[in-house]
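To keep things clear, I will list the structure first and then write my remarks on it.
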Amino acid sequence: MKLLTANMKMADVVHSNYLLMPVIQRFGIPLGFGENTVAAVCKKFRIEVDFFLAIINVFSNEHYFPEKKLQAFNVLMIVDYLEKTH
């Protein structure tokens, strides 16, 4: 499966895999992103776009696991996301 990118419209991300909706909502992003790109939505909600993309791509593609990239993210950001998943 093709990786999701910052230049994609957020609506296209959801259209590519509707199962991402709960994941997106865990970041505090509500429905109604219109024509905005992933980068624009992340900026609006003060979300680290690379972290967001890593998470949604892991959920979207069973063969994608960027171990080195995930290890480089701020631990507090990861913990914050994980707390929202439970």
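Every read-out reported here was derived from the displayed coordinates using simple, explicitly stated rules and does not represent laboratory data. None of these values were measured; they are calculated from a predicted model. Note that each Cβ is placed from the backbone with ideal geometry, even for glycine, and that neighbours are counted across all protein chains shown.
Looking across the range 10-49, the residues that are among the charged types (D, E, K, R) and either free of Cβ contacts under 8 Å to residues at least 24 places away in the same chain or closer than 16 Å to T85 by Cα (or both) come down to D12, R26, K43, K44, R46.
For the range 7-25, the set of residues classified as aliphatic (A, V, I, L, M), in a helix (DSSP H, G or I) and touching a helix residue (DSSP H, G or I) at 6+ places or on another chain (Cβ under 8 Å) consists of M10, V13, V14, L19, L20, M21, V23, I24, listed by residue number. Within the range 26-61, count every residue that is part of a loop (DSSP other than H, G, I, E, B) and touching a Cys at 6+ places or on another chain (Cβ under 9 Å). So the answer is 3. So which residues in the range 1-11 are charged (D, E, K, R) and surrounded by 13 or more Cβ atoms within 10 Å (Cβ to Cβ)? The one that is charged (D, E, K, R) and surrounded by 13 or more Cβ atoms within 10 Å (Cβ to Cβ): K9. Would you say Y64 is part of a loop (DSSP other than H, G, I, E, B), within 14 Å of the chain's Cα centre (by Cα) and not aliphatic (A, V, I, L, M)? The answer is yes for Y64. Of the listed requirements (1) surrounded by fewer than 12 Cβ atoms within 10 Å (Cβ to Cβ); (2) of a type in the set (K, R); (3) within 11 Å of the chain's Cα centre (by Cα), R26 misses just one: (1). Applying a threshold of 6 Å to beta carbon distances and a minimum spacing of six or more residues, or different chains, the list of pairs starting in the range 72-86 at a residue that is of a type in the set (D, E, K, R) and ending at one that is surrounded by 12 or more Cβ atoms within 10 Å (Cβ to Cβ) reads K84/R26.
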